[in-house]
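The values are calculated or read from the model by the stated rules, or taken from the named source; none is laboratory data. Keep in mind the model is a prediction, meaning the values are calculated, not measured. Glycine also receives a Cβ, built like all others from the backbone with ideal geometry; neighbour counts cover every protein chain displayed.
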Amino acid sequence: MAKVMISLPDEFLKKVDRVAKAQGRSRSELIREALRAMLRDQDARGRSWKQALAPLRAPEEQWVGRWDSTDIIRYHRETRHSCDDSR
């Protein structure tokens, strides 16, 4: 197992030591578990974001470059103005 040296503020390290003692763990074990949880959460967020976007990929590939939103906006603007002109 590799060893890593990190710097922590004294007060923070005291909190870490108190929690480790209360849980009957070593300082290293507590820090390892905290890092595992953080990495697990980060991986889960990345996967869920990618999974949420997956259904949008096919329509995006199908429609990009095939229609122009400007034409739709122009159509609605012109039909709205024609209704206003009939007042």
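Things worth noting here:
- Residue among 44, 34 that is hydrophobic (A, V, I, L, M, F, W, C), surrounded by 10 or more Cβ atoms within 10 Å (Cβ to Cβ), modelled with pLDDT of 85 or more and not in a loop (DSSP other than H, G, I, E, B): 34
- Every listed requirement among (1) part of a helix (DSSP H, G or I); (2) over 16 Å from the mean Cα position of the chain (by Cα) is met by residue 52 save one, (2).
- Residue check, residue 66 farther than 30 Å from residue 19 by Cβ and outside any helix (DSSP H, G or I): yes
- Restricting the first member to region 30-58 and to residues that are closer than 30 Å to residue 17 by Cβ, and the second to residues that are not in a helix (DSSP H, G or I), no beta-carbon pair is closer than 6 Å while six or more apart or on different chains.
- Criterion applied to 82, 28 was being at pLDDT below 85 and in a helix (DSSP H, G or I), and the one residue passing it is 82.
- Residues that are surrounded by 10 or more Cβ atoms within 10 Å (Cβ to Cβ), polar (S, T, N, Q) and modelled with pLDDT of 75 or more do occur in region 2-25, at least one of them.
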